[in-house]
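Report on the structure given below.
The values are calculated or read from the model by the stated rules, or taken from the named source; none is laboratory data. All values reported here derive from a predicted model rather than from experimental measurement. For neighbour counting, all protein chains shown are included, and Cβ atoms are generated from backbone atoms with ideal geometry for every residue, glycine included. Only protein heavy atoms, including side chains, enter the accessible area calculation; ligands, DNA and RNA are left aside. Shrake-Rupley method; radii C 1.70, N 1.55, O 1.52, S 1.80 Å.
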Amino acid sequence: MFIWKWIKNLLKSWGLINKSGNLLFVGLDGAGKTTLLHCLKFGKIVPQDPTQMPIQEEFTYEKLNIHAYDMGGHVAARPLWGEYITTANAIIFLVDSYDRDRFPEARAELEKILTDERIKTIPILVLGNKIDLPGAASEAELRSALGLSLSTTGKGSAVAHGARPLEIFMCTITRGRGFREGIQWLSQHF
Ligand SMILES: Nc1nc2c(ncn2[C@@H]2O[C@H](COP(=O)(O)OP(=O)(O)O)[C@@H](O)[C@H]2O)c(=O)[nH]1
Ligand SMILES: [Mg+2]
């Protein structure tokens with residue numbers, strides 16, 4: 001009982017309380033999706049061993065379904081991915097902002113989502129995770145590395161008519177900073 005109350009409060013603080021539909025957490029393996037999902041599922045940060053995590057996970061709270069998928073690298077999740085992407089109401093794309101070597105791969109995967117005609121109006125939140133690590137990329141660096149410098153729509157609630165809401169927020173999931181603001185922003189758009 002307690003845990004549900006806690007989760008309810010958490011969803012409320014994220015602006016997700018009366019939301020319905022499908023929210024997808026995607027990004028390269030190691031970006032922090034499972035950690036974020038566990039934070040929501042169990043109400044606490046559970047450090048994850050990346051090698052032991054399944055590539056696809058889900059969690060449902062009332063009418064909101066949350067799925068997490070690994071993209072890039074090992075592509076075993078692909079068939080499932082194709083099945084679910086068209087049902088997404090909002091997408092959270094996580095990036096490890098410390099792992100510069102994989103920025104090009106993350107960018108390529110993000111571009112696949114951004115150019116997918118089937119989901120061209122779906123709001124997308126890009127979370128630059130792991131900013132607690134010294135030397136992690138700044139928001140400006142990540143924005144540029146992902147090719148988003150000209151396409152984001154702003155951190156306010158207003159978006160030009162017909163534009164897809166798209167914005168980047170920096171965060172650290174394990175230290176609990178930054179992602180609430182991002183998710184609150186996203187929750188205004190679906
Ligand atoms: N330093 C740091 N590590 C993180 C953060 N978020 C997640 N991690 C770690 O990054 C690794 C991969 O996270 P995981 O959630 O398994 O990524 P996934 O493959 O996207 O599901 C794990 O060891 C996490 O503990 C963060 O904000 N800072
Ligand atoms: Mg995972």
State all residues of the stretch 88-104 that are within 16 Å of ligand 2 (Cβ to nearest atom) and either at pLDDT below 95 or part of a loop (DSSP other than H, G, I, E, B) (or both); if no residue qualifies, say none.
99
Among what's in the stretch 15-33 and is assigned to a loop (DSSP other than H, G, I, E, B) and away from ligand 2 (no atom under 16 Å from the Cβ), pick the residue that is most open to solvent (accessible area, probe 1.4 Å).
18
When you check residue 115 against the structure, is it open to solvent by 60 Å² or more (accessible area, probe 1.4 Å), of a type in the set (Val, Ile, Thr) and without any contact (Cβ under 8 Å) to a residue 24 or more places away in the chain, yes or no?
yes
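Taking the stretch 164-177 on its own, how many of its residues are part of a loop (DSSP other than H, G, I, E, B) and open to solvent by less than 40 Å² (accessible area, probe 1.4 Å)? Quick ask: steps written out before the conclusion?
First pass over the stretch 164-177, keeping only residues part of a loop (DSSP other than H, G, I, E, B): 164-165, 171, 173-176.
Checking the rest, the ones that are also open to solvent by less than 40 Å² (accessible area, probe 1.4 Å) come to 164-165, 171, 173, 176.
The qualifying residues number 5.
Tell me, please, whether a residue that is charged (D, E, K, R) and within 23 Å of residue 112 (Cα to Cα) can be found in the stretch 166-183.
Of all residues in the stretch 166-183, those charged (D, E, K, R) come to 167, 175, 177, 180-181.
Remaining after also requiring within 23 Å of residue 112 (Cα to Cα): 167.
Yes: one or more hits.
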Within the stretch 137-153, how many residues turn out to be closer than 11 Å to residue 95 by Cα and in a loop (DSSP other than H, G, I, E, B)?
2
With 182, 156 as the choices, which residue is part of a loop (DSSP other than H, G, I, E, B) and not basic (Lys, Arg)?
156
